[in-house]
Amino acid sequence: MSNGRVTIPTDKNFVEGTKKYIRLWGADAVRDCDGTQLPENARALAGKVYKTYFLARGNNEWAYAHDECLQNAALMSDRVLATADRLSIDPLAHYSAEQLALNEESVSFWQVYDRTTGQEIISWQFDTKTKRVEVENTVPMHEYTVNFFAKILWDATQIYNYKTNGWTITKDRDIDPVYPEAFALMERDLKAWLEENKDVNVVRFTTFFYHFFNIYDDKDRVKYFDWFGYPMSASPAMFRLFEQKFGYCITLEDLVDEGYYNNHFRVPRKAFLDYMELLEGFVAQCVRHFTDIVHSYKKEAMMFVGDNWIGAEIYGKHFAQMGLDAVVGSINSGATLRMVSDVTGVKYREVRLLPYFFPDTLRADAQCSKELLDSWVIERRALLRRPVERIGFGGYLSLADKFPSFTRAVAELCEEFRSIYEKIGGQQVYSQARVAVLNAWGQKRTWMPYMVLQDACYQHTTFYLGLLESLAGMDIDVEFISFDDVRKGNLAQYDVVINGGDADTAFSGGGAWLDAEVQEKVRSFVNEGGGFIGIGEPTAVLANGRFFQLADVLGVDEEKSLSMSRYKYNRDVCREHFILSDCEAAVDYNGGVQNVYALEGAAVLDERTEDRLGVDIGAFHVKLAVNTYGKGRAVYLAGFKHNAQNTRMLLRALLWAAGKENELHKAFSQNPVTECSYYPECGLYALVNNSAERVETVFCDINGKKSCISLQPYELKWIQA
């Protein structure tokens, strides 16, 4: 058995058990976890000792005594209906009084809006006695809101742990490095901590300063949750820095954004992008100061991609300036693994695997063993494309010790991971095509589109998360580009461009498609031989007689009840096509968009009808169509679900759109539940069975030479060229 590249949790009350699993799993690092403490002389257990450190919280005595240095949140009140010409609004109505308090010193930044007209109202004042905003000259039957700053009285992550586990400890308050006194305290506390924790050689920052948007209501329920949200980084001091940097004033409305809070799905506007640039630069500068301190103590600095990660965009232009040694992230899919593994500017990348060793996830030996394996098979696809250097686990090791089948399965997983990294770590992997995923965020949110809480499914994301998951382990080079990249003329380096998402979102693009230059550049790319794939409502914005602005390229458009009287339905269905050649069952579109129709010249490969209507017009929904456009090709999918058949179909669609059908049988496994990766530098093929059944497949090497291969359930087989 090999050793290394694995981090496990430990506890001062489970030292002998820790030694047992260091031997069984080949671990070379131990870490603390919520509710545990590192043993004394932890370095005697493993060469690497991680310990969690919080820059913004932990010194509650100081935080409670310095209310003026607490972090703030930019918030909007409930919508309140006016019934007369005066209105009284409680800004914090239905917010958690334990988490938030009005920042009364910031009233000059507050705003009142008539949400019926969208106009800002200036005739109002704040009553310091009642803590309410009194609005004058209101219009009856109009709704009004207040934008305001609130001080954050309780760390958002601790709220969850506190309420869930029945804690009675002091409620942590987060301080803000934008205030010099708070920054100086962080520096003093970090140095003292480094002196005290001599056994620790990896400082795991969780994370730095500003928490993702996580606000509770007055019934202890989550009111807003956006893993990408910036409202809890805002403060009057940060607004003043903004004016100094950009020469104009940012307003609360620029962050509140009509109550959408510039969430991940909103097309970002200039003021918000400028704010992100300010915060990212500020965070990078502060973090570099602290990582330099860590390095001066001969320790490594690691960033956990979570909790207080706002402003520390791992694909932002400032990230490399932070001086970090490593990033670590909790993952639950191939897409989230790639989100970590594709990060550059650090020495190594690490992922925490599921399930965590917590009572709510480790309940039965067989069940948790299956969950571990099911997750691993999905994540292994992505590892074979871009491996991380380390894996690890979190939680209570003493709890895992109660499940012998599970702990044996972990041992096998660790061994397989090490074999993967030892064989292909640092190797270039063969790719059949180069693909760009086009959206408003581009590279900044690499492998993050469509996510709310990493890749937790929501009603309007199910179509698209499956796309990311399939791409994460496919023999395709994937990059994420923005509309600015299109304007710069950067498309020629790609074989295929993918655009997908709900209309008016950042991922479909919204108003960006009204830019004639964008349309011209994409049309030209396809017309000259490039490929284009649209999913859901690609290029969608209602204008100029179209909903899909590139309907001519895609060969389809969506009926929005405005052009039903024009007969335009192409009903010719062609089910024999290169794209569908491996589909033995009906394609699962996860529901998918309805009311899409094909234009003349497009070929419909799959559709759904509604016999209940009794008529043909309007009862025919295109699910899959292809179109030739000049020298190029386009494919439309109404929706997408990640499974073996769909992944193979997507690969075929990408190669067809790129005009590379002849590349399919190079470094290829014919059975759709199997996949092949090829590493030319070492001449190795990795053949995987992603199913729980023994399968037979035909393996094709890079030259197309065929051989029959048998694979056991979930097997990874290495083949030397």
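Write out, first by first residue and then by second, each pair whose Cβ atoms fall under 9 Å of each other, whose residues are 6+ apart or on separate chains, and whose first residue, in the range 9-26, is closer than 12 Å to ASP401 by Cα while the second is surrounded by fewer than 19 Cβ atoms within 10 Å (Cβ to Cβ) and of a type in the set (D, E, K, R).
If the second residue must be surrounded by fewer than 19 Cβ atoms within 10 Å (Cβ to Cβ) and of a type in the set (D, E, K, R), the pairs left are PHE14/ASP401; GLY17/ASP401; LYS20/ASP401; TYR21/ASP401; LEU24/ARG408.
Return the residues of the range 177-199 that are over 18 Å from TYR297 (Cβ atoms) and outside any loop (DSSP other than H, G, I, E, B); say none if nothing qualifies.
PRO180, GLU181, ALA182, PHE183, ALA184, LEU185
Please go through the range 200-238 and pick out each residue that is farther than 28 Å from GLU350 by Cα and either under 19 Å from the mean Cα position of the chain (by Cα) or outside any strand (DSSP E or B) (or both).
ASP218, LYS219, ASP220, ARG221, TYR224, PRO231, ALA234, SER235, PRO236, ALA237, MET238
Would a scan of the range 480-487 turn up a residue that is in a loop (DSSP other than H, G, I, E, B) and either closer than 25 Å to PRO387 by Cα or among the aliphatic types (A, V, I, L, M) (or both)?
No, because not a single residue in the range 480-487 is in a loop (DSSP other than H, G, I, E, B) and either closer than 25 Å to PRO387 by Cα or among the aliphatic types (A, V, I, L, M) (or both).
Provide a single number: the residues in the range 8-28 that are part of a strand (DSSP E or B) and out of contact with any Asp or Glu (no Cβ under 9 Å at 6 or more places or on another chain).
1
Taking only pairs six or more apart or across chains, which ones have beta-carbon atoms under 6 Å, a first residue in the range 645-656 that is without any contact (Cβ under 8 Å) to a residue 24 or more places away in the chain, and a second residue that is in a helix (DSSP H, G or I) and aromatic (Phe, Trp, Tyr)?
Short answer, once both residue conditions are applied: none.
Which condition number does LYS370 fail, the rest of (1) free of Cβ contacts under 8 Å to residues at least 40 places away in the same chain; (2) farther than 27 Å from THR647 by Cβ being met?
(2)
Yes or no: the range 101-118 includes at least one residue that is of a type in the set (Val, Ile, Thr) and assigned to a loop (DSSP other than H, G, I, E, B).
Yes; the residues of the range 101-118 include at least one that is of a type in the set (Val, Ile, Thr) and assigned to a loop (DSSP other than H, G, I, E, B).
Say whether the condition of being out of contact with any Cys (no Cβ under 8 Å at 6 or more places or on another chain) and among the aromatic types (Phe, Trp, Tyr) is met by at least one residue in the range 696-715.
Looking for residues that are out of contact with any Cys (no Cβ under 8 Å at 6 or more places or on another chain) and among the aromatic types (Phe, Trp, Tyr), one finds at least one in the range 696-715, hence yes.
Within the range 462-507, how many residues are touching a strand residue (DSSP E or B) at 6+ places or on another chain (Cβ under 7 Å), over 14 Å from PHE265 (Cα atoms) and among the hydroxyl-bearing types (Ser, Thr, Tyr)?
Residues that pass the stated criteria total 1.
Using beta carbons and a limit of 7 Å, which pairs, at least six apart or on different chains, have the first residue in the range 330-341 and in the same structural domain as CYS33 (by TED's automatic domain parsing) and closer than 16 Å to LYS444 by Cα and the second one among the aromatic types (Phe, Trp, Tyr) and assigned to a loop (DSSP other than H, G, I, E, B)?
From the range 330-341, the pairs are ALA335/TRP447; ARG338/TRP447; MET339/TRP447.
Here's the yes/no breakdown for (1) touching a helix residue (DSSP H, G or I) at 6+ places or on another chain (Cβ under 6 Å); (2) among the charged types (D, E, K, R); (3) buried (at least 16 other Cβ atoms within 10 Å of the Cβ):
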{"residue": "THR7", "(1), (2), (3)": "no, no, yes"}
{"residue": "LYS20", "(1), (2), (3)": "no, yes, no"}
{"residue": "ASP32", "(1), (2), (3)": "no, yes, yes"}
{"residue": "GLY47", "(1), (2), (3)": "no, no, no"}
{"residue": "TYR53", "(1), (2), (3)": "no, no, yes"}
{"residue": "ARG57", "(1), (2), (3)": "no, yes, yes"}
{"residue": "GLU68", "(1), (2), (3)": "no, yes, no"}
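If you scan the range 70-100, which residues turn out to be in a strand (DSSP E or B), surrounded by fewer than 17 Cβ atoms within 10 Å (Cβ to Cβ) and of a type in the set (A, V, I, L, M)?
Residue satisfying the conditions is LEU81 alone.
Kindly evaluate ASP220 against the criterion of being modelled with pLDDT under 95, of a type outside the set (A, V, I, L, M, F, W, C) and touching a Lys or Arg at 6+ places or on another chain (Cβ under 7 Å).
yes
So if I check each of GLU520, GLU469, GLU528, GLU479, which one is surrounded by 23 or more Cβ atoms within 10 Å (Cβ to Cβ), at pLDDT 95 or above and of a type in the set (D, E, K, R)?
On inspection, the qualifying residue turns out to be GLU469.
Got at least one residue in the range 376-388 being outside any helix (DSSP H, G or I) and surrounded by fewer than 17 Cβ atoms within 10 Å (Cβ to Cβ)?
Scanning the range 376-388 turns up no residue that is outside any helix (DSSP H, G or I) and surrounded by fewer than 17 Cβ atoms within 10 Å (Cβ to Cβ).
When you check GLU258 against the structure, is it acidic (Asp, Glu) and either touching a residue at least 12 places away in the same chain (Cβ under 8 Å) or in contact with a strand residue (DSSP E or B) (Cβ under 8 Å, 6 or more places away or on another chain) (or both), yes or no?
Answer is yes for this residue.
For the range 476-514, give me the residue count where each residue is of a type in the set (Asp, Glu) and within 16 Å of HIS460 (Cα to Cα).
2
The values are calculated or read from the model by the stated rules, or taken from the named source; none is laboratory data. Because the structure is a prediction, the values reported are computed rather than measured. In this analysis, Cβ positions are derived from the backbone assuming ideal geometry, glycine residues included, and neighbour counts consider all displayed protein chains.
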